1. Determine one quarter of the surface area of the Cα convex hull of region A:230-285, which equals its mean projected area, and express it in nm² to one decimal.
2. Show that you can apply the helix-only estimate: for chain A, add -39,500 (n - 2.57) for every DSSP H stretch of four or more residues, divide by all residues, and state [θ] at 222 nm to the nearest 500.
3. For chain A, what is the convex hull (Cα atoms) projected area averaged across all directions, in square nanometres?
4. Out of the trypsin sites (Lys or Arg not before Pro) in region A:146-200, which ones are loop residues according to DSSP with at most 16 other C-beta atoms within 10 Å?
5. Spin-label point model (7 Å from Cα, Cβ direction): what's the A:D18 to A:A192 distance in nm?
6. Go through A:14-20, A:251-257, A:220-226 and give me the packing order, highest mean Cβ count within 10 Å leading.
7. Tell me, what are the semi-axes, in whole angstrom and largest first, of the equivalent ellipsoid of region A:129-228 as set by the roots of 5 times the Cα gyration tensor eigenvalues?
8. Under Stokes-Einstein, with the Kirkwood radius over Cα pairs standing in for Rh, what whole-number D in µm²/s applies to region A:28-126 at 37 °C and 0.692 mPa s?
Amino acid sequence: MPDLATPLIAWYRESARDLPWRDPNFGAWGILVSEFMLQQTPVARVIPRLEAWLERWPSPAALAEASPGAAVEQWANLGYPRRALWLHKAAVQITEQHGGVVPRDVDALLALSGIGDYTARAVAVFAYGDRHPVVDTNTRRVLARALDAQSQPDPPSTRDLTAMAAILPESEERAAIVNAAAMELGAVVCTARSANCEACPIAHICAWRDAGYPDTGDRRRRQATYAGSDRQARGAVLQHLRSAPDHESALEAVAATWPDSLQRDRAIDSLIADGLAEASEGMLRLPR
DNA sequence: GACCCGTGGTA
DNA sequence: TTACCAAGGGT
C-alpha cells in the first residue's frame, strides 16, 4: 500500500480552497447545515444560502421553533427540498434528544433524519476532529483510480469505508486532513470529466495513471431527463408556493404552474405525501 | 440493489 | 443543444 496520506496532507495545506465551513470557528451546527446543503448541490450555490440560513437560524433550537414550511421556503432553489424537511426534523431531534447540541457520536448522528454514512462521519470528523473514514463520491473516485486502476468507482458500498480507513494516519488531526484532502482532490483535480495529473500530488503512485488510463467502464445509471419530468412539475408547484403570500395559494392558481393536469395532480399528491405541502379548503400551502 | 428525489452550470 | 455533473439519503 503506497503512502497516500503524506502527499495528500502537504498538498491540502498548500492549495485547499478557503471555504466557509473550513473556518475552525464555524461550529458543529454550521457544519451540519453545510453538509445537508452539499448533498448533491455544488459548492458555489451552497455558500450564499448557507450564510442566509445560519443568520436566520443560528442554532438547532432556533430552527426547531420554526415551521417545516419555513425551512422549505428558506431552502429556496437548492434542489431536493426534502432535505430541508429532513434538516428541520434533525434540528427538532437535536433539540429534544441532545439538549440542543449537535451529537458527536457517529451512531447518534446516523439516527438523525437525513443523515447517512457520509454526513454522520463528516460531522464527527470536521466538526469534532474525531478519527473516522469519510467517503463521498469524490473520495470513491480518487481511491478507485489511485488504488484500483479504475476510471470510475464502483457503486457506493460499505467496503468504501474500509478502503478509506486503511489509508488514514493514526493522528486524529492528520486523519481529518486526509479525509478532506481526498474529497478536495476529487473535487478540483481528479474530477469525473478529467484527471489533471500535472496538478495531482499522488500522480506518482496512481495505479490508473500507471496502467495508461484504461477506460474500465462504469455502472452508473444514466440520469433521467429533467425537462418535462415529474420532478420538474413538483419543482414548479413548490416554487409557486415559496413565492406566494403566506406561502399558500388557491388550487386554481396552482394549476397555472404546470400545463399537464394529470402530471400536475400527481405532483401535488406526491408533495403532500412527502410532507412538502398541505391541502385544505381548496388551498395548497407549505406545511405549518 | 434499484429507484426516486431538484436545479443550474458547463463542455 | 443535449447530456453530464454536483460533499447523498430514504424507501
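1. That works out to 3.3 nm².
2. Helix contribution divided over all residues of chain A: -16000 deg cm²/dmol.
3. Numbers: hull surface 65.3 nm².
Computing the convex hull of the Cα atoms and averaging its projections yields 16.3 nm².
4. Answer by residue number: A:R193.
5. 3.0 nm
6. Values: A:14-20: 12.0, A:251-257: 14.6, A:220-226: 8.0.
Top to bottom by mean Cβ count within 10 Å: A:251-257, A:14-20, A:220-226.
7. Each semi-axis is the square root of five times an eigenvalue, giving 23, 18, 13 Å.
8. D, rounded to a whole number, is 250 µm²/s.
The values are calculated or read from the model by the stated rules, or taken from the named source; none is laboratory data. These numbers come from a predicted model, not from an experiment. Heads up, the Cβs are rebuilt from the backbone with ideal geometry, glycines too, and the neighbour counts pull from every protein chain shown. The protein model used for the area step is the full one, side chains on, heavy atoms only, and it has no ligands, DNA or RNA in it. Shrake-Rupley method; radii C 1.70, N 1.55, O 1.52, S 1.80 Å.
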